Amino acid sequence: MTLVRWSSAAIVLSCLAAAIGVIVRGDIGLAFDIVALLLLATLPTLRVAMLTASWVRAGDLRYALAAIALLVVMTLGTVLVMVFR
Amino acid sequence: MSDLVRDGLIIALALITSTVGSIGGLGGAILLVPLLTFGDMTIAQAAPLGLVSVIAGSVAAGRAQVKDGAVNHRFAIVTELGASSGAIIGVLLAGAISERALTWVLAVLAVVAAAGGAIRKGVRWKPDASLGADSVGEQHGSLAGVYRLNDLPVPYQPSRMPLGVGLMALAGVVTGLAGVGGGFLKTPLSSEVMRLPAKVATATSTFTIGLTASTALLLMAIDGRIVASDTALVVLGSVAGGTIGSRLQRHMSPPVVRRITAVVLVAIALIMVLRA
């Protein structure tokens with residue numbers, strides 16, 4: 001449920017920032033647009049990090065390791081694509 | 001077209017495509033991007049907006065889906081390890097296969113996936129009244145779980161994982177080559193090969209495509225391809241669409257979810273062929 005609470009809070013904040021960005025426009029609006037985007041775009045990865053922490057706490061180490069491996073693969077993939085493309 | 005009408009149209013398109021995308025676990029980008037290009041946008045401008053719509057729809061739908069125990073995070077992580085590894089190989093090999101040939105391969109795969117879901121009759125996993133409401137969710141140390149269907153707990157156990165993860169990796173290569181999210185392959189693979197219940201497959205796929213899209217969006221941000229003012233419009237439409245889609249899906253039976261997914265998959269195949 002912590003996951004749902006955090007996600008809900010981030011989504012509400014992101015929508016608020018997006019709405020302000022759409023209404024205000026200009027440099028201030030752009031700043032709110034970027035905040036909205038950052039809040040949403042980091043949420044899926046944060047969700048994996050939170051799952052990893054909760055599985056470590058619960059002693060479910062096999063899946064915690066799988067989640068860490070996924071974060072490593074995603075990071076490595078980003079670096080590889082940046083370097084070779 | 002005035003700015004107000006253009007902005008309203010982007011919000012409406014994001015809302016509709018994210019609603020459809022989150023019902024079928026397919027993401028809305030594959031529908032939104034071609035629709036945006038009918039206006040004044042190029043594919044290069046529309047693609048980041050498609051990714052934003054996938055992320056926003058994914059996180060918005062995730063709230064309701066996690067509450068219903070419909071997302072199997074352990075299954076998502078294990079299969080995404082294969083899909084992400086495959087996608088990296090695909091992205092690095094991009095250009096090795098002609099775009100036209102690749103589009104036809106994707107279209108055929110989408111139709112095969114649609115047929116797989118539409119042909120199957122009935123419900124594979126049945127409710128178990130002996131289970132309490134507190135049993136809903138994932139099982140510690142296992143890929144099994146229990147989800148809620150019409151307020152009844154339904155236990156399930158995915159199978160054929162090595163084959164499924166292998167096919168996910170192959171799907172990752174294909175989607176990496178084509179530069180698409182791959183929800184339209186992940187959902188049918190989860191439900192028809194690894195035998196996840198249709199609702200769990202769509203909810204789990206909705207989570208994983210959000211992850212893939214966030215990584216792809218980071219790469220586009222580094223390339224300087226994101227117009228922040230347009231992304232705010234897509235955020236508003238897609239968060240609403242993801243929420244509506246997940247609520248609609250809650251009231252649908254698994255065969256209905258499979259059939260809607262099949263119809264959208266055929267539509268996606270047609271869009272791909274027309275674009276090719």
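The values are calculated or read from the model by the stated rules, or taken from the named source; none is laboratory data. Keep in mind the model is a prediction, meaning the values are calculated, not measured. Here the Cβ positions follow ideal geometry from the backbone for every residue, glycine too, while neighbour counts run over all protein chains shown. SASA here: full protein model, heavy atoms, side chains in, ligands and nucleic acids out. Shrake-Rupley method; radii C 1.70, N 1.55, O 1.52, S 1.80 Å.
Helix by helix, which DSSP H runs in chain B go 18 Å or more along their axis at the Cα atoms and have an average Kyte-Doolittle hydropathy of 0.5 or more? Don't skip to the end; give the middle numbers.
On the way: long enough: B:3-24 (32 Å, 1.34); B:43-67 (36 Å, 1.05); B:73-92 (27 Å, 1.15); B:99-119 (30 Å, 1.66); B:161-178 (25 Å, 1.84); B:198-222 (36 Å, 1.35); B:228-250 (33 Å, 0.54); B:254-275 (31 Å, 1.82).
Within chain B the helices that satisfy the rule are B:3-24, B:43-67, B:73-92, B:99-119, B:161-178, B:198-222, B:228-250, B:254-275.
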First check a/c for the stretch B:155-264, with a ≥ b ≥ c the square roots of the eigenvalues of its C-alpha gyration tensor; if it is under 1.5, answer rounded, and if not, answer prolate when a/b is larger than b/c or oblate otherwise. oblate
Report the local net charge at A:Ile23: Lys and Arg +1, Asp and Glu -1, summed over other residues whose C-beta lies under 13 Å from its C-beta. -2
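Which value, in nm² and rounded to one decimal, describes the direction-averaged projected area of the C-alpha convex hull of the stretch B:97-241? Don't skip to the end; give the middle numbers.
Details: hull surface 46.2 nm².
So the mean shadow area of the Cα hull is 11.6 nm².
For the stretch B:3-275, calculate the relative contact order in percent as a whole number, restricting contacts to Cα pairs under 8 Å that are 6 or more residues apart. List each step's numbers first, then the result.
Values: 502 pairs, mean separation 108.8, N = 273.
Contact order relative to length: 40 percent.
Computed FRET efficiency, Cβ-Cβ of A:Asp27 and A:Leu76, R0 30 Å: what is it to the nearest 0.05? Write out the running numbers ahead of the final one.
Working: r = 36 Å, r/R0 = 1.20.
Efficiency for this residue pair is about 0.25.
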For the stretch B:198-276 and the stretch A:13-85, distance of Cα centres in Å: 17
Residues from the stretch B:55-90 losing no less than 20 square angstrom of accessible surface in the full protein assembly compared with the chain alone, 1.4 angstrom probe, ligands and nucleic acids excluded, are B:Ile55, B:Val59, B:Arg63, B:Val66, B:Lys67, B:His73, B:Arg74, B:Ile77, B:Val78, B:Leu81, B:Ser84, B:Ile88
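Average partner chain C-beta neighbours within 10 Å, per residue of A:43-56?
Numbers: counts 8, 14, 5, 2, 11, 7, 0, 1, 4, 1, 0, 1, 5, 0.
Mean inter-chain Cβ contacts per residue within 10 Å come to 4.
Hey, any idea what % of the stretch B:22-175's accessible area is carbon plus sulfur with a 1.4 Å probe? Walk me through the intermediate numbers first.
Working: 4200 of 6300 Å².
Reported share for carbon and sulfur atoms: 67 percent.
Does the protein assembly as shown come out rounded, prolate or oblate, given a ≥ b ≥ c as the square roots of the eigenvalues of its C-alpha gyration tensor, rounded meaning a/c under 1.5 and, failing that, prolate meaning a/b above b/c? Let's see the in-between values first.
Values: a/c = 1.40, a/b = 1.27, b/c = 1.10.
Note, shape of the protein assembly as shown comes out rounded.
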Find the sum over both chains of the accessible area lost when B and A are paired, probe 1.4 Å, and report it in Å² to the nearest 100. 3800
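Using 0.36 nm times the number of residues separating B:Gln45 and B:Ser142, minus their current alpha carbon distance, what extension gain do you get?
Numbers: separation 97, 0.36 × 97 = 34.92 nm, distance 4.20 nm.
Fully extending the segment from B:Gln45 to B:Ser142 adds 30.7 nm.
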Please give the helix A:61-84 orientation as an angle from the longest Cα principal axis of chain A, in degrees from 0 to 90, rounded to the nearest 10. 60
Relative counts (whole %) of C-alpha pair distances in the stretch B:3-275, using bins that are 10 Å wide: 8, 32, 37, 18, 5, 0
Determine the shape class of chain A: with a ≥ b ≥ c the square roots of the Cα gyration tensor eigenvalues, call it rounded for a/c under 1.5, and otherwise prolate if a/b is greater than b/c, oblate otherwise. oblate
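What does the convex hull of the Cα atoms of the stretch B:54-175 come to per residue, in Å³, rounded to a whole number? Don't jump to the answer; show the numbers that get you there.
Numbers: hull volume 16.7 nm³, N = 122.
Enclosed volume per residue, from the Cα hull, is 137 Å³.
About the Cα centre of chain B, what is the dipole size in debye to 20, counting +1 per Lys and Arg Cβ and -1 per Asp and Glu Cβ, all else neutral?
Details: 20 positive and 13 negative charges, 172 e Å.
Using Cβ point charges on Lys, Arg, Asp and Glu, chain B gives about 820 debye.
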